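So the structure is just underneath, and the comments pick up after that.
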Amino acid sequence: MTPQLSMFRPRLDDLPPVTLPEGCELRTFAPGDEAVWERIIGISFGKNPGDIVFGKSMLESGEFQPGRVFFIRHNGEDAAVAAAYSRKPETMPGCGYLHYVGVLPGHTGLRLGYWVSLAALHRMRGEGRERANLHTDDFRLPAVKTYLNLGFVPVLVDENQRQRWRDVFAALSLPTLAERCAPILDGPVWHAPEIPPVVSLV
Ligand SMILES: CC(C)(COP(=O)(O)OP(=O)(O)OC[C@H]1O[C@@H](n2cnc3c(N)ncnc32)[C@H](O)[C@@H]1OP(=O)(O)O)[C@@H](O)C(=O)NCCC(=O)NCCS
C-alpha cells in the first residue's frame, strides 16, 4: 500500500540506555561487512540474494559512515542491523532517519530490532539530531510494534492512512492507540518541513 507509513520520534534526549540480552554484542560496521549487511537484510526482508545491494541502498545517498551502521551479534552470529541515517533534503529540521532494520529469522523474539535501532537512535543524538523518522509498511507488524516500543508515533502522510493506521492498531490488538492517536489520525495531513503533532502513547 502506498504511500508507506511514516513514524517519528519527537525527541532524542530521553533515550533509554542500550542493555542487550545475554549472548549479544553490539558493534558498528567494519571493512567487509557489506556482505553481512546484505545477508541480514536480504533474508529478513524475504528477498533473493542480490535483490537488495549494499552499494545502492546504503552508499548512494552519500550518508554512509561505518559508525552509523550497527550490528548485533547473537550467539556468535551477526543477527541484527540498523542504520542511523538522515534524509536529504531533511523532511523536518534536525531529523535523523532510521534506515534498514532487520533481524535474521533464527534470532527474532528477543527484541534485537529494538536494541539495534536504539543504538542507532543514540548515534543520531550523538550527531546532534533532535528527532527521528522512518518509513515502514502496514504488514510489518513486528516492525511497527518495535517502533512503538521505541517511542515512535505515526505521522499522517496521506488521507488513506487514517484508516490504515486504525487497521494496523487493530491487527496489533492495540485498539486504544487509535483513540490516543486521534489528534494525528483525525488531523491534517503532514507536510514537510512542519514538525508533526506529538501525542503520548505511554
Ligand atoms: C522488525 C524486526 C526487525 C523485529 O525483529 P525482533 O526484534 O526480533 O522482533 P520480536 O520478535 O522481538 O518482536 C518485536 C515486537 O513485535 C511483536 N510481534 C512480533 N510478531 C508479531 C506479529 N506477528 N503481530 C504482532 N506483533 C508481533 C512482539 O510481541 C514484540 O513486541 P513486544 O516486545 O512489545 O512484546 C524483524 O521482524 C524483521 O527483521 N522483520 C523483517 C524486516 C522488516 O520488516 N524490517 C523493518 C522494515 S521497516
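Descriptive notes on the structure:
- Mean Cα-pair separation over length for region 5-155, i.e. relative contact order, pairs under 8 Å, 6 or more apart, %: 34
- Most to least packed among 174-185, 140-151, 95-106 [average Cβ atoms within 10 Å]: 95-106, 140-151, 174-185
- Against the main long axis of the alpha-carbon atoms of the chain, helix 34-44 sits at an angle near 50°.
- Reference-scaled alpha-carbon Rg (2.2 N^0.38 Å with N residues) for the chain: 0.99
- Other residues lying with their Cβ under 13 Å from the Cβ of ARG111 contribute a combined charge of 0, Lys and Arg counting +1, Asp and Glu -1.
- Dimensions of region 131-175 based on its C-alpha atoms, expressed as ranges along the principal axes with the largest first, amount to 25, 23, 16 Å.
Every number in this text was worked out from the coordinates using simple rules, so none of it is lab data. Bear in mind that the values here come from a model prediction, so they are computed numbers and not experimental data. Neighbour counts run over all protein chains shown; Cβ positions are idealised from the backbone, glycine included.
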